[in-house]
Amino acid sequence: MAEKLLMRALAGETLKTPPAWMMRQAGRYLPEYKATRAQAGDFLSLCYNPELAAEVTLQPIRRFGFDAAILFADILLIPQALGADLWFVTGEGPRLSTITDQAGFDALKPADTVHDHLSPVYETIKILSRELPGDVALIGFAGAPWTVATYMIAGRGTPDQGPAHALKDGNRPVFEALLNRITEATIEYLSAQINAGAEVVKLFDSWAGSLNGDDFQKYALEPTKQIIAALKARHPDTPIIAFPRGAGEKYIGFGPATGADCVALDQFTDADWAAKHVQKDGCVQGNLAPGHMVTGGQDLVDEVRRIKAAFSGGPHIFNLGHGITPDANPDNVALMLETLRA
Ligand code: CP3
């Protein structure tokens with residue numbers, strides 16, 4: 001069988017129709033997801049139930065025929081594996097115990113112990129490796145250290161990542177020790193995902209955009225580079241996607257500087273600009289605004305065509321610029337794929 005489309009794009013091939021998948025493609029906009037989540041009890045129970053996590057991973061593949069499946073889990077499982085308390089408040093989002101000083105850091109577990117807690121995730125990947133259609137690639141993932149740290153420090157999502165910036169500026173040794181611990185744990189976690197059957201891994205740095213100047217270099221770019229170097233040493237053939245969301249001009253050169261095989265673009269990045277300044281270095285992913293999955297219509301069709309055309313001169317993976325939202329209409333997802341593949 002010919003190699004999977006996603007793997008071909010990641011290897012640098014320019015394809016007539018780019019492979020497509022969607023961030024948060026398993027999620028609350030799908031009635032079948034909500035039914036399976038209810039069966040599991042709650043979101044975290046779903047993440048740690050290999051059979052049901054595999055089931056929700058497969059749901060959007062069955063319904064839409066995406067070219068890739070992304071493991072169903074969450075970036076906040078790593079903090080929990082390191083010993084943080086984690087729970088989700090319905091309608092609000094995640095809550096965690098906070099780390100604000102040396103004592104909080106000292107209470108964390110060593111990086112090489114995370115596998116005990118995360119073994120159900122590896123089990124999900126093994127099930128998916130058996131059950132996914134032969135032309136669909138399996139993507140594993142983790143949060144990038146800065147983004148994970150913002151939640152571990154604040155204990156919740158924050159609009160400006162204020163608490164994390166305060167720790168960085170007020171107690172740099174603890175901040176850097178925390179980033180290092182997350183970096184080490186993430187290397188172990190992603191390496192185990194690859195051993196279990198993940199064919200690609202993606203690093204989500206959702207809050208990279210709030211780091212400026214030297215801080216971006218030290219706390220977004222460097223940890224990503226470290227993780228990629230360690231993974232490439234162990235798994236030289238596994239492609240890695242990096243998503244420094246909100247990086248703006250700092251998207252330029254991010255792929256070569258970190259060793260990422262593909263750079264994922266948010267919807268605030270102009271596609272023509274990115275084709276010229278980012279795609280010249282290799283594969284890019286993105287970057288339709290998720291709002292089109294709510295509004296649909298001719299605007300959606302025009303945008304899909306515009307983005308496909310902008311990136312047609314090089315390797316491209318079609319995706320949204322961020323996750324699909326719970327109010328999206330599944331018919332618009334089908335229209336997006338139909339337009340892309342026409
Ligand atoms: O993309 C996928 O379909 C794979 C699964 C996945 C989830 N979260 C499932 C999820 C992935 C890759 C993530 C990544 C993630 N999680 C990120 C990085 C990407 C991004 O969106 O910026 C972040 C910051 C998180 C942390 C997180 N998890 C938040 C802030 C929330 C609450 C917001 C919300 O949408 O409710 C979650 C919960 C979450 N993670 C849900 C899903 C499907 C919704 C939970 C539910 O079913 O109620």
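The values are calculated or read from the model by the stated rules, or taken from the named source; none is laboratory data. All figures in this text were calculated on a predicted structure; none of them were measured in a lab. Because the Cβ atoms are built from the backbone with ideal geometry, glycine has one as well, and the counts that use them run over all protein chains shown. Accessible surface areas use protein heavy atoms only, side chains included; no ligands, DNA or RNA. Shrake-Rupley method; radii C 1.70, N 1.55, O 1.52, S 1.80 Å.
Things worth noting here:
- Among the residues making up the range 248-299, those that are of a type in the set (A, V, I, L, M) and crowded, with 21+ Cβ neighbours inside 10 Å are 260, 263, 264, 265, 271, 274, 278, 284, 288, 293.
- Looking only at residues in the range 309-342 that are away from the ligand (no atom under 16 Å from the Cβ) and among the charged types (D, E, K, R), the one that is surrounded by the fewest Cβ atoms within 10 Å (Cβ to Cβ) is 331.
- Close Cβ contacts (under 7 Å, 6 or more residues apart or on different chains) running from residues in the range 231-256 that are more than 19 Å from residue 267 (Cβ to Cβ) to residues that are open to solvent by less than 10 Å² (accessible area, probe 1.4 Å) and assigned to a helix (DSSP H, G or I) comprise 231/190; 231/191; 234/191; 235/191; 238/231; 240/228; 240/231.
- Helices (runs of 4 or more DSSP H) enclosed by the range 243-342 - at least 2 residues per element that are more than 23 Å from residue 33 (Cβ to Cβ) and in contact with a Gly (Cβ under 9 Å, 6 or more places away or on another chain): 254-258, 271-277
- With respect to the conditions (1) assigned to a helix (DSSP H, G or I); (2) more than 26 Å from residue 211 (Cβ to Cβ), residue 109 falls short on a single one, namely (1).
- Test result for residue 5, in contact (Cβ under 8 Å) with a residue 60 or more places away in the chain, hydrophobic (A, V, I, L, M, F, W, C) and either within 30 Å of residue 284 (Cα to Cα) or within 16 Å of the ligand (Cβ to nearest atom) (or both): yes
- Of all positions in the range 38-55, none carries a residue that is in a strand (DSSP E or B) and away from the ligand (no atom under 13 Å from the Cβ).
- When residue 79 is tested against (1) touching a helix residue (DSSP H, G or I) at 6+ places or on another chain (Cβ under 6 Å); (2) closer than 23 Å to residue 176 by Cβ; (3) within 16 Å of the ligand (Cβ to nearest atom); (4) open to solvent by 40 Å² or more (accessible area, probe 1.4 Å), exactly one condition is not met: (4).
- Residue count for the range 16-53, restricted to those that are closer than 23 Å to residue 320 by Cβ, open to solvent by less than 30 Å² (accessible area, probe 1.4 Å) and either at pLDDT below 95 or hydrophobic (A, V, I, L, M, F, W, C) (or both): 9.
- Of the helices (runs of 4 or more DSSP H) contained entirely in the range 113-219, those carrying at least 3 residues that are within 14 Å of the ligand (Cβ to nearest atom) and open to solvent by less than 20 Å² (accessible area, probe 1.4 Å) fall at 114-131, 145-154, 172-196.
- With respect to the conditions (1) touching a Gly at 6+ places or on another chain (Cβ under 7 Å); (2) assigned to a helix (DSSP H, G or I); (3) among the charged types (D, E, K, R); (4) open to solvent by less than 50 Å² (accessible area, probe 1.4 Å), residue 232 falls short on a single one, namely (4).
- Condition met for residue 105 (in contact (Cβ under 8 Å) with a residue 40 or more places away in the chain, among the aromatic types (Phe, Trp, Tyr), in contact with a Lys or Arg (Cβ under 8 Å, 6 or more places away or on another chain) and under 21 Å from residue 67 (Cβ atoms)): no
- In the range 27-50, the residues that are under 16 Å from residue 89 (Cα atoms) form Cβ pairs under 7 Å with partners that are aliphatic (A, V, I, L, M) and assigned to a loop (DSSP other than H, G, I, E, B), at six or more places apart or across chains, as follows: 47/73.
- Number of the exception - residue 297 against (1) in contact (Cβ under 8 Å) with a residue 40 or more places away in the chain; (2) under 22 Å from residue 60 (Cβ atoms): (1)
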